[in-house]
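Worksheet for the structure shown next.
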Amino acid sequence: MENQSVKKGFWHKLFGTTPNDGNMQPREAIAYSITGIGQNFICTIIGSYLTIFMTDALLMADAKIGKTTGATAVALLMLFTRIYDALNDPIMGSIVDRTRTKWGKCRPYLKWMAIPIGLVTIACFLPVYNSTAKSFIIISVIYVIWSMVYTVADVPYWGLSTAMTNNTTIRGNLLTVARLCCTIGAGAVTVFVPVITSAVTAKYKDADGVLIAANSAANANTLKWTYFICAVVLVIVSLPMFFYGFKNTKERYTSDTTPPSLGHNLGLLFKNDQLLLILISGILGAARTVYMYTGSLYFAKYVLGNEAIYSILTILVVPGGAIATVLIPWFTKHLGKKNTYIYVHVLGAVVMFAMYFIGRNGGYNNSSNLLWLAIGFVLLGLPQGINNVITYAMIGDTVEYLEWKTGERAEGICFSMQTFINKISMAVGAFIGVMAYGISGISPSDPYNTVTPEGSEKLWAVLILSGAISMVATIIPMLFYKVTESKQREYVKEIEERKAAKAAKTAE
């Protein structure tokens, strides 16, 4: 029995759970986190590489789409599709809150949507597309469909965490591990895909790694097939993870009130003033990770001369993010979620402003500056890692705040705000990155003869300064946030007392 206790000890200690107490158990938390890995495999291949597929593999950047340039058309597609998708999140959140099945209201969507997500993801990267307006329209339609299908799984996935446990510490630990796994999933795709594409297209470049103009078409065709194969492999690996999460999680804490209408749910959203502060903060911080999105891949590929360097930049961010994620329980215990969020974004802003001045005027190519820039990328992992977890945990706390305030939980619409923030961030990141690519004058069919020092400086300034300003802006709303850890415990205690009193009265 003692050995069994030792075996269980690590996992229960990690998640803060108690064996067989009726609350969430480690097996569920692990299954939930594994689903996050699969989800981020799919999300990242679309979020980070669909734009590259369109501009570089299909050569749309050199084409005219209607009356605008291909690069501008792709940038606008990313912006408006993701904003439209983000606006769907409250609707999906309301649908989740109205869902009633034998499996619960969040879990079923992991089962129902896995295959549709996989099929539409593959459809985005079909190698039959080309640089014509017709292909642009087809991809645009499929991408809109993908964003809607993905939302149907993403919103309930994050809402599920509040249904698994109402203990803010356990839920914080759950989300810490889940977000770490999500980071691993996204990081794996971000690191390995550029390495693969760089390797398979090396034969089209000269000894210095410069694309030979005569090989432009062959290079683009190889890229098309490579992205397609990567998408297929990632989908095949991801789908079992969705089903595993569905099978091995359990919903325990849900509202027993009548399913609300969409209008009623939107009303609840505006009554949750603390959630709105998180939402505003997230929108203002949407550009803080532009350096991690498409723009950085363009910068590595065309300014630094090797797209595989993008993988190195990503790897540099990982240690800081991983350390921050692991230390979140310590930070939140000693500083609280709110203060932790504020402090790491102050750090991030200082680091990014310093990086800009170190790297400007070609400083990013100066070997004496590379160490400082590398340290900067490592430090930027801290706010990224903290933000990836703490906002989910804070939104979970506002669910109890809303229930304390109104008697209704509305997990679906509350957590739809986190996916809303994520999509706005992806929209802004992709838009800024592709627009910077366009204004820098890069041509994917002859990039090394079109990129200029001035264009390179524009890319650097956009990637770094937009992030620094966004880091500062995201702090402002959080200064007014008031759902501290002690307050959340008070809310939960009062909610339980109300439910007990109601049950006692019913029993009479």
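Where a number appears in this text, it was derived from the coordinates with a stated rule and is not lab data. Given the structure is predicted, the values throughout are model-derived calculations rather than measurements. Glycine gets a Cβ as well: all are built from the backbone with ideal geometry, and neighbour counts include every protein chain shown.
Structure above, values below:
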read-out	value
Exposed trypsin sites (Lys or Arg not before Pro) absent: longest stretch of the chain, with sites in DSSP loops and at most 11 other Cβ within 10 Å deemed exposed	103-481
Helix-derived mean residue ellipticity, 222 nm - over the chain, DSSP H n ≥ 4, -39500 (n - 2.57), to 500	-26000 deg cm²/dmol
Translational diffusion coefficient (Stokes-Einstein; Kirkwood radius from C-alpha pairs) of the range 331-452 at 20 °C, 1.002 mPa s, in µm²/s	121
Reachable aspartates and glutamates, given that their alpha-carbon falls under 20 Å from the alpha-carbon of residue 458 and they are not under 8 places away in the same chain	56, 62, 307, 446
Likely footprinting exposure, 367, 48, fewest C-beta neighbours within 10 Å first	367, 48
Rounded to 10°, Cα long-axis angle of helix 453-478 versus longest principal axis of the chain	10
Degrees separating the helix 133-164 axis from the principal Cα axis of the chain, which is the longest one	30
The range 26-132 - convex hull of alpha carbons, volume per residue in Å³	121
Relative frequency of Cα-Cα separations exceeding 21 Å in the range 72-203, percent	58
Positive-end residue of 287, 149, 361, charge dipole of the chain with Cβ unit charges	149
Neighbourhood net charge (12 Å Cβ-Cβ; Lys/Arg +1, Asp/Glu -1) for residue 491	-1
Cα-based helix-to-principal-axis angle, 168-200 vs the chain, degrees rounded to 10	20
Integer Hz, Karplus 6.51/-1.76/1.60 couplings in order for the range 109-121, x for Gly and Pro	5, 5, 7, 5, 9, 4, 5, x, 4, x, 5, 5, 4
Once the Cα gyration tensor of the range 211-357 is diagonalised, semi-axes √(5λ) in Å	38, 27, 18
For the range 152-209, alpha-carbon Rg over 2.2 N^0.38 Å	1.87
Calculated Rg and Dmax of the range 350-418 using C-alpha coordinates, Å	19.8, 60
Convex hull (Cα only) mean projected area of the chain, reported in nm² to one decimal	25.1
Those lysines that a straight Cα-Cα span of less than 24 Å connects to residue 499, excepting residues fewer than 8 apart in one chain	102, 105, 250, 271, 405, 487
Rounded to whole Hz, the Karplus (6.51, -1.76, 1.60) HN-Hα couplings of the range 272-278, x for glycine and proline	8, 4, 6, 5, 5, 5, 5
Built amide H within the under 5 Å cut-off of residue 65, gap 5+	70
